[in-house]
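Reviewing the structure listed below.
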């Protein structure tokens, strides 16, 4: 059965998972310290990566395994607000976005879909979490759907009880400001089995697996 998964969501020690704003030069605002221990070379698997196999990298590598589609919020795709400008923006990732699947961008403003040769496509949808997940599940062809963030989008899907697996990486930094992750998630731990693993890098990984629904 297809699952809805969140991977590699980095949260500071004081609960922030993104910066307060996004610009062309600062894709995550003033929150770059969240990614100081992230090795993006392994997101499609540890094979071929020129790096030792560690617990951190093994968990990072789950990001791409068994995924058939992604859902992301608009701020993950770009810094623009309001109606989309005619600026040719195709995301932060150039001609080879790492997703390799159909990707659904949540937005209230229509825009033509974009496709890339490596199998990544971006469709821009104005949809509720339930509607967006149904579209992504259909596109995923029986594989799992990844919720790619940002934290506000992930929180909406958690509030709607649509998440089956959540991987948080708690980073030992204090941001002091930004987008908080834990707000309005009271009782979350009652719905999930939670396993915690701390590693030599200083990260604390929290793996949330959804308990069976009634």
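When the chain is treated as a GNM with alpha-carbon contacts under 10 Å, the residue of 194, 53, 154 showing the greatest mean-square fluctuation is 53. The stretch 17-58 to the stretch 145-171: how many Å between their Cα centroids? Rounded to whole Å, the Cα centres lie 17 Å apart. Radius of gyration (Cα atoms) of the stretch 1-122, expressed as a multiple of 2.2 N^0.38 Å: 1.14.
In terms of other Cβ atoms within 10 Å, 22, 197 run from fewest to most in the order 197, 22. Determine Rg/Rh for the chain; Rg is computed over alpha-carbon atoms and Rh is the Kirkwood hydrodynamic estimate from the same atoms. Result for the chain is an Rg/Rh of 0.94. Which log10 I(q)/I(0) values, to two decimals, does the stretch 113-171 give at q = 0.18, 0.19, 0.21 Å⁻¹ under the Debye formula with one point per Cα? So the normalised log intensities are -0.74, -0.82, -0.97. Taking a temperature of 37 °C and a viscosity of 0.692 mPa s, what whole-number D in µm²/s does Stokes-Einstein yield for the stretch 1-66 with Rh from Kirkwood over alpha carbon pairs? Here the translational diffusion coefficient equals 243 µm²/s.
Computed from the coordinates by the stated procedures, all read-outs in this text should not be read as laboratory data. All values reported here derive from a predicted model rather than from experimental measurement. Every residue, glycine as well, gets a Cβ built from its backbone with ideal geometry; the counts of neighbours run over all protein chains shown.
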